[in-house]
Amino acid sequence: MKKLLKTLSASLFFFPIGAYADPIAVGDLVIEGTIARATVPGQKVGGGYMTITNNGSETERLVGAMASFSGKAEIHQMKMENEVMKMSALPEGLEIPAGETVTLKPGGYHVMFMKLGEPLKAGEERNATLVFEKAGKVNVTFNVMSIEDTMKMNDDKMDHSSHGAAKKEGE
Ligand SMILES: [Cu+2]
């Protein structure tokens, strides 16, 4: 785990060795850790996760996504409602405030890949396109991870929003 954190922290500057795709910088945006959760045969939906940092001075929004393996993709949120976890689409997209990092992870915001044509298998790389309000279309690669590995994103230590802190922890 420590090694993985170090790799993540360093991945902006070095070729990543771990299972994560290269960070992608587009204008003021940096998109990192794009992973998708593996699905089982017959499962029609899958989740995509990442961190998005907005280094600009204006609010950005992730408004949609497209992928050849998914008939339809939406930006979703999970939240507690009357003690029940509920999932809903974000019709206006996910806000990425200026100067902030937003994490999409299991149990929270996610890209919902629907109408899957075939299962997403751990170890695969799947190309998709994210659509931002200002930056437009951005091509990214989702590394498919096992359900267990994907859930590790919920570990606080995997919070990519504070790279400095994560690096210190790993040292
Ligand atoms: Cu969803």
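All of the numbers you see were taken from the coordinates with simple rules; none came from a lab. The model shown is predicted, which means the values in this text are computed figures rather than measured ones. Methodologically, a virtual Cβ is constructed for each residue, glycine included, from the backbone with ideal geometry; neighbour enumeration extends over all protein chains shown.
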Q. What FRET efficiency, computed as 1/(1 + (r/R0)^6) with R0 = 35 Å and r the Cβ-Cβ distance, is obtained for Val40 and Thr141, rounded to the nearest 0.05?
A. 0.95
Q: Assuming a ≥ b ≥ c are the square roots of the Cα gyration tensor eigenvalues, decide whether segment 54-106 counts as rounded (a/c under 1.5), prolate (otherwise, with a/b larger than b/c) or oblate.
A: oblate
Q. Label points 7 Å out from Cα along the Cβ direction at Lys134 and Val84: separation in nm?
A. 3.9
Q: Compute the distance in nm between two label points, each set 7 Å from the Cα along the Cα-to-Cβ direction, one at Ala98 and one at Ser57.
A: 0.6
